[in-house]
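I'd like to ask you about the structure that follows.
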Amino acid sequence: MPAVPQGEGKPLDPKTKKTILISGIVIGALIVLGIVYGVLNSTVFSAKSVAQSYLTAIADGKYGKANGIADPQVGKDQLKLLSDAVAKADNATIANPHIDSVKTVEGVAKVNVTYSLNDSLTINKDGSKFLLFPNWKISSPLLKTITVSVPNAVESLSVNGVDVTAKNAEKSDSGTWTLRVYPGSYKVSIGKSG
């Protein structure tokens, strides 16, 4: 039998070559899928992404879109001041929204945000998207209140040009109306008198 020179071995049979090739392709595909999953999970499907979309909607005066991202948790009548029409007044919306930090513990993310005031959002995992990515849902929207003392003779107020009545507010026995709004500036004036 002839001696096999050092460094040379028997050639692999075609079946073994095919198995090695397929294994390499499968391992490569799994690595690529893992990287894609990691990137999508940390960007598109992250709590930070949901918070940024929400803040951008408020800053852009798209309050209807913000309401779709985070349920404002108010009655139908109180939604009147959480509409795009209110945001159209000059300088009515927040400016320069920025996410300072995101801390996630047991499926709840606390997102500290900065705009003209410091504030924070609480975002909870709510199932999944495409069976792989967490679905983040804002559970504490950025709602603020405006409290106005309203004489009994006044039937409505104008807030940034949108007429509201007592049914659009939480009315107290002391004659104050509490209105739910997104952060921003609001001009309130007397509307109709009875």
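The values are calculated or read from the model by the stated rules, or taken from the named source; none is laboratory data. Please read all numbers here as calculations on a predicted model, not as lab measurements. With ideal geometry, Cβ positions are generated from the backbone for all residues, glycine too; neighbour counts draw on all protein chains shown. For the accessible areas, the whole protein counts, side chains as well, though only heavy atoms, and no ligand, DNA or RNA atoms are used. Shrake-Rupley method; radii C 1.70, N 1.55, O 1.52, S 1.80 Å.
How far, in nm, would the chain grow between LYS15 and THR147 when pulled straight, counting 0.36 nm per residue and subtracting the alpha carbon separation?
That pair, LYS15 and THR147, stretches by 39.6 nm at full extension.
Using label points projected 7 Å from each Cα along Cα→Cβ, tell me how many nm separate ILE35 and SER128, to one decimal.
2.3
Please work out the Cα center distance from the range 102-150 to the range 48-93, rounded to the nearest Å.
13
Under 1.5 on a/c is rounded, so check that first for the range 151-194, then, if it is not, pick prolate when a/b is larger than b/c and oblate when it is not; a ≥ b ≥ c are the square roots of the alpha carbon gyration tensor eigenvalues.
The shape class here is oblate.
What's the angle, to the nearest 10 degrees (0 to 90), between helix 14-42's Cα axis and the longest principal axis of the chain?
20
Diagonalise the Cα gyration tensor of the range 14-125 and give the resulting equivalent ellipsoid semi-axes, square root of 5 times each eigenvalue, largest first, whole Å.
44, 15, 13
Do any trypsin sites (Lys or Arg not before Pro) in the range 9-117 lie in a DSSP loop with no more than 12 other beta carbon atoms within 10 Å, and if so, which?
LYS76
Follow-up question, since we're still on this one. For Cα pairs less than 8 Å apart in space and 6+ apart in sequence, what is the mean separation divided by the residue count of the chain, i.e. the relative contact order in percent?
Relative contact order of the chain: 19 percent.
Counting pairwise Cα distances across the chain, what percent come out greater than 25 angstrom?
Result for the distance tail: 54 percent.
Find how much the distance from ILE99 to SER49 grows on full extension, using 0.36 nm per residue of separation minus their present alpha carbon separation; answer in nm with one decimal.
Here the answer is 17.0 nm.
Still on this structure: Give the long-range amide H neighbours of LYS144: residues separated by 5 or more places, or on another chain, with amide H under 5 Å away, using H modelled in the peptide plane at 1.01 Å from N.
VAL181, TYR182
Between helix 47-59 and the chain, what is the angle of the helix's C-alpha long axis to the longest principal axis, kept within 0 to 90° and rounded to the nearest 10?
Approximately 30 degrees, to the nearest 10.
For the chain, with all protein chains present and a 1.4 Å probe, just round the carbon and sulfur fraction of the accessible area to a whole percent.
With neighbouring chains kept in place, the figure for the chain is 57 percent.
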